[in-house]
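Before I ask anything, here is the structure I am working with.
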Number of protein chains: 4
Amino acid sequence: MPLFTGVVPPVVTPLNANFSVDFASFTRTIENLLDGGVHGLFVLGSTSEVVFHDEAGRRAIIEHAVKVNNGRVPIFAGVIDPTTDRVINHALTARSAGADAVVVTAPFYARTSQPEIGDHFRYIKDAVDIPIIAYDIPVCVHVKLERQTTVGLASEGAIAGIKDSSGDDGNLRYVLKDMANDPSFFGMTGSEILVDSVLAMGAHGVVPGLANVDPHGYVRLWNLMQAGQHAEARLEQERLLKLFEIVWISLGRTSAGSAGVGAFKTAMRSLGIIASNTMARPQRSLNDEEAAKVDIILRDVGLLR
Amino acid sequence: MPLFTGVVPPVVTPLNANFSVDFASFTRTIENLLDGGVHGLFVLGSTSEVVFHDEAGRRAIIEHAVKVNNGRVPIFAGVIDPTTDRVINHALTARSAGADAVVVTAPFYARTSQPEIGDHFRYIKDAVDIPIIAYDIPVCVHVKLERQTTVGLASEGAIAGIKDSSGDDGNLRYVLKDMANDPSFFGMTGSEILVDSVLAMGAHGVVPGLANVDPHGYVRLWNLMQAGQHAEARLEQERLLKLFEIVWISLGRTSAGSAGVGAFKTAMRSLGIIASNTMARPQRSLNDEEAAKVDIILRDVGLLR
Amino acid sequence: MPLFTGVVPPVVTPLNANFSVDFASFTRTIENLLDGGVHGLFVLGSTSEVVFHDEAGRRAIIEHAVKVNNGRVPIFAGVIDPTTDRVINHALTARSAGADAVVVTAPFYARTSQPEIGDHFRYIKDAVDIPIIAYDIPVCVHVKLERQTTVGLASEGAIAGIKDSSGDDGNLRYVLKDMANDPSFFGMTGSEILVDSVLAMGAHGVVPGLANVDPHGYVRLWNLMQAGQHAEARLEQERLLKLFEIVWISLGRTSAGSAGVGAFKTAMRSLGIIASNTMARPQRSLNDEEAAKVDIILRDVGLLR
Amino acid sequence: MPLFTGVVPPVVTPLNANFSVDFASFTRTIENLLDGGVHGLFVLGSTSEVVFHDEAGRRAIIEHAVKVNNGRVPIFAGVIDPTTDRVINHALTARSAGADAVVVTAPFYARTSQPEIGDHFRYIKDAVDIPIIAYDIPVCVHVKLERQTTVGLASEGAIAGIKDSSGDDGNLRYVLKDMANDPSFFGMTGSEILVDSVLAMGAHGVVPGLANVDPHGYVRLWNLMQAGQHAEARLEQERLLKLFEIVWISLGRTSAGSAGVGAFKTAMRSLGIIASNTMARPQRSLNDEEAAKVDIILRDVGLLR
């Protein structure tokens, strides 16, 4: 069996207006996800604004999540920083703070080759006794985890699975095919809008940032696909497509990064889950006019009355 | 007058075989540069493998450089990390460790807009009382410091100057033109191979990684351009072009990053400046066959007998 | 009902060793596709090496296809060239030669904006009385047909449908959603390896270059998806994934373009459909060693004994 | 001696409001350039909107230029189209119409490797008896003519020189160094704003689109550099930098392509050289408000009163 499966959302990190973590809102964020039936929690992902938090801040976030979760579901912790030894330090912290697995990208800022990227994962595996999930996110690290790199690492046991946010579902499909004889390996997609497709091709899980806004929707979608009800799953996915339109509302005034996570936070504020939609600086938060547009969409998909 | 001018090399960080900093070699690296007549030292730049070092390691590197330099030339410290508050922490460290200026890139991993990038510099300026040099290096951070952003920040006094490693000399020229009425503003190029050109168009300094191998060459080039001896400067630049060919020797087997800084380290080892050509992991170091090719070029340009 | 649906392969253009079109092989290529049960033929697509053929050559290719087809299925003709008026000329030729629709990309070489790209399609629509299929292929034209551009043109009636070779299935899904109220609009994918996925999300057809090698496979896949037999469709798609591995055999020695279409031609030669695997110059054809590797894969998937 | 040297502007192709070529304006455009003292004419370059013109239109443009020029300076003709055999046809036309050299890019739309690109030039050389100038313009063809490709072709005699519009002056410098022993080889830059720099490093000519607006300026700049008067040359270049700001006026409303050549045409209309600023469709022309901004700049640099 794959080590992890199901809906494992990257958990939004709510902030106070002064940019400190709002732990009360963070508790509600986690409870809302668990209420929705998710199968795991991924703290300190890109959606969690991980790279805005330093070592101490990251430890506090993991520890809080572990405490709130209290063993209900597995917890993945992103250990995302530019280079190998710094990632190892984050992974040791995550392990000691109670995470069940760590999520590791290719190095960034530094420009590395595929063999060097492979070694990056091997060094981390050797240094820390915890399952490693490879995180393929070229939009942030500007290099692709190529099929041969991923499959090589998986075959060696250096990685337990992959979270694919590359948008290259064809490549993911080949990775799944290449690893089909290893029942413990798992592939998850970071997509919010192609979940039914990627599950239909054999993926084992989904890591949708939008589940912070509508966990029930993604869990329904997962359950329908597990039951082979493709037509109903498609309808649920199409409802979530409408909801996902919130991520483009502030685009142009803000960056793509601020527009996406900023819209999740704004929707969560409207739904009473978090207190503020503040983004980590220097990112810009959605303004009132943009928040009103988010609410229109929330009403349209039945989340807000 | 511009705050800083001249040849300010990014200082290579020598490593032991176990990846710890080799401070004895680091001392020789700095002395070799100062012997060569350089006008400043830029520690913790990309050439220094800055993102491979954590907070404590960075502090030790700056403090060592400050001690060895002992006030002879100004010291810039790179404070390079993905996001604003983490950069502020590095900048506070750099200031307390004795740096004269800090070098700041746009945020990375996080995707930010030009206005957000501008705010990034403003927040750092507000938090730390030290001159800020903007570092335009799209090959690492994957976003350009656009002319309007740079000129806006310079006009407000948020940045004291720019180090341009973008390869877009036309844009640098416009920035210099736009800031021509501010005699304190300075522009420096990160190029090793267009130094005469960029100085001829009015730049105030040069930050060549290759100066770790041949500081005298770059200082000669600087002096010739200051004296208006363009033809002689061109000859010196062309000699340095031959030397710069070392950066492609291991390309293909290693990444571009490892090939460039790795070749500098390999040449410095051949010249007796440092003890090992070890690159920070997971980067690959040049092997013996590649080192032999480096030596051929060192002999060809008269640095090795 | 959508104007066109089903499996509409881009038809390979077989060449003699002297680079002229081998019309006897072209006849067999078309008959092989029709035998396989395809629902349309797309001549002069990227897979057909369209940009290697001039006006007269293109007319001959369309006329030959029209004659061989003899009304059995609709024929799309690619009218691919850099700019509007030249495309209009190709479209007039295609119409007079008997094509049922033309396939039009964004301008290329010239750098145009989305509004200018929209006008490009409008000018062609005004000039030629034939259905226009928008062809989204950023890997060749280096610009994306953005959702708003495509949906705007479709809503105006300037385009009848879209062929999406962008790899951005999320965007295609939004286009299909936006046009859901227009039953005549159709979306097709150019993917060979995500056909089941894209059909499951509501696409109306598929344009796989690999169908030149195995038309029966793609028609089976289409029929299974029409029948709602997703699990069986997935198995067929996975068989075709194995076959698609031929496209990487010569990569590195040749360009990606030569490697892909060159592998199709090499497989078709092994299957007795065409006489030569010659690629239009300056592209390189697969050599004997590479052809032997193609044959191994053909045997593996049951196409060759 | 290099086959060609000096200021060789890409000649704007004036259009009537109905998109046909305005030959009377074209005559004035050429006479204005020759009055300015240019050393050659490059018709059918990117600035000439070459890819908007078909074979017959291109022939008419070359023939008209040859007639007006009447042997006063050499004429280069761009023979720019996606693939080898189509370029050969254009080159035969150019030769028979009286061009002295042809300018050839890498293939485009089709994705080719560096060895295939090399063969592209070799096939053209074998087919047409006329000097070939390689045109490195990745912004349009989306592939770089790598140093090894260019130097290999030059060493074989397949190309007579290079026009570099890549913006990579470091690479051009290496090409010039590699070919320094061949006195017939020449390198020219397509830059408008780094002309003094590129000439100082040894380039043999300059191909500035902006010379259509101010040929005297670029000829003065050339003469000053030939005389070794670098400081005066820099002042002239800086004046031309101010003028070049016209190319960004309509950016955002139009594409970069329309904004640049469109601004040249608008300025030429203000200066009485051409009758209309019409751009080939689907490109957008500058509007009245934008034209007024062009005029402000023309006055600022002393071209308009």
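For the pair A:Leu92/D:Glu156, report the inter-label distance in nm, with labels modelled 7 Å from Cα in the Cβ direction.
My value for the distance between the label points is 5.7 nm.
Going by the rotation axis that takes chain A to chain D, pick out the residue of A with the closest C-beta and quote the gap in whole Å.
A:Gly252, 6
Only Cα pairs within less than 10 Å get springs; with that Gaussian network setup on chain C, which residue of C:Ser48, C:Ser255, C:Ser25 has the largest fluctuation?
Residue with maximal mean-square fluctuation among C:Ser48, C:Ser255, C:Ser25: C:Ser255.
What is the Cα centroid distance between the stretch B:124-181 and the stretch C:1-29, reported in whole angstrom?
54 Å
On to the next question. Using the 7 Å Cα-to-Cβ label point, sort the distances from A:Ala227 to its equivalents in the other copies shortest first and give them in nm to one decimal.
2.5, 8.6, 8.8
Give me the net charge for the shell around D:Asp85: Cβ to Cβ below 15 angstrom, other residues only, Lys and Arg +1, Asp and Glu -1. Working shown, then result.
Details: positive: C:Arg58, C:Arg281, D:Arg86, D:Arg122, D:Lys125; negative: C:Glu49, C:Asp54, C:Glu55, C:Asp81, D:Glu55, D:Asp81, D:Glu116, D:Asp119, D:Asp126.
Computed value for this residue: -4.
Treat each spin label as a single point 7 Å out from the Cα along the C-beta direction, and report the B:Trp248 to C:Ala180 distance in nm.
Taking the simple label geometry, B:Trp248 and C:Ala180 are separated by 5.5 nm.
Let me ask something additional. Could you give, in nm with one decimal, how far C:Asn70 is from each other copy of that position, shortest first, with labels 7 Å out from Cα toward Cβ?
Computed spacing set for this position: 6.4, 7.8, 9.8 nm.
Write down the percent of antiparallel bridges among all DSSP beta bridges whose residues are both part of chain D, to the nearest 5.
On the way: 1 of 25 bridges.
The antiparallel proportion sits near 5 percent.
Here is a further query. Please give the calculated 222 nm ellipticity per residue for chain C, where each DSSP H segment of at least 4 residues contributes -39500 (n - 2.57) and the sum is spread over every residue; nearest 500 deg cm²/dmol?
Working: 12 runs with 141 residues, N = 305.
Rounded to the nearest 500, the figure is -14500 deg cm²/dmol.
Note down the net charge around D:His64, summing +1 for each Lys or Arg and -1 for each Asp or Glu among other residues with Cβ under 13 Å from its Cβ. List each step's numbers first, then the result.
Working: positive: D:Arg28, D:Arg58, D:Arg59, D:Lys67; negative: D:Asp22, D:Glu31, D:Glu63.
Residues close to D:His64 contribute a combined charge of +1.
Local charge sum around D:Ala154 (other residues, Cβ-Cβ under 14 Å, Lys/Arg +1, Asp/Glu -1)?
On the way: positive: D:Arg122, D:Lys125, D:Arg147, D:Lys163, D:Lys177; negative: D:Asp136, D:Glu146, D:Glu156, D:Asp164, D:Asp178, D:Asp182.
Taking every other residue near D:Ala154 into account, the sum is -1.
When chain A is modelled as a GNM with alpha-carbon springs shorter than 10 Å, which of A:Val219, A:Val139, A:Val151 fluctuates the most?
Sorting by GNM fluctuation, first place goes to A:Val139.
Counting Lys and Arg as +1 and Asp and Glu as -1, each charge on the Cβ, what is the dipole of the stretch B:1-124 about the Cα centre in debye, to the nearest 20?
Details: 9 positive and 12 negative charges, 30 e Å.
With Lys and Arg at +1 and Asp and Glu at -1, about 140 debye.
Relative to the Cα centre, what is the charge dipole magnitude of the stretch A:196-301, using +1 at the beta carbon of each Lys and Arg, -1 at the beta carbon of each Asp and Glu, and rounding to the nearest 20 debye?
On the way: 11 positive and 11 negative charges, 63 e Å.
Charge dipole of the stretch A:196-301: 300 debye, to the nearest 20.
Moving on to the next point. At B:Ala56 and A:Asn18, where each label point lies 7 Å from the Cα along Cα→Cβ, what is the point-to-point distance in nanometres?
My value for the distance between the label points is 2.9 nm.
Right, something else. Placing a label point 7 Å from Cα toward Cβ, how far apart in nm is A:Asn287 from its equivalents in the other copies, listed shortest first to one decimal?
With the label placed 7 Å along Cα→Cβ, A:Asn287 yields 2.4, 5.9, 6.3 nm.
Taking the beta-carbon count within 10 Å as an exposure proxy, list C:Leu271, C:Leu210 from fewest neighbours to most.
Numbers: C:Leu271 17, C:Leu210 26.
Least crowded to most crowded, the residues run C:Leu271, C:Leu210.
Compute, for the protein assembly as shown, the length of the dipole vector about the Cα centre, with Cβ point charges of +1 (Lys, Arg) and -1 (Asp, Glu) only. Units Debye, rounded to 20.
About 0 debye.
Take each of the peptides A:62-68, B:87-93, average the number of other beta-carbon atoms within 10 Å over its residues, and list them starting from the highest.
Values: A:62-68: 18.7, B:87-93: 21.0.
Order by mean packing, descending: B:87-93, A:62-68.
Shielding by partners for C:79-87, please: the mean number of other protein chain Cβ atoms within 10 Å of each residue's Cβ.
Average per residue, whole number: 5.
OK, next. Considering every residue in A:282-290, what mean count of other chain Cβ atoms within 10 Å of its Cβ is obtained? Let's see the in-between values first.
Working: counts 18, 10, 5, 0, 0, 0, 0, 0, 0.
Going residue by residue through A:282-290 and averaging, the value is 4.
Values quoted throughout were computed directly from the atomic coordinates according to the rules given, and no laboratory measurement underlies them. All values reported here derive from a predicted model rather than from experimental measurement. Please note: Cβ atoms are built from the backbone with ideal geometry, for glycine as well, and neighbour counts cover all protein chains shown.
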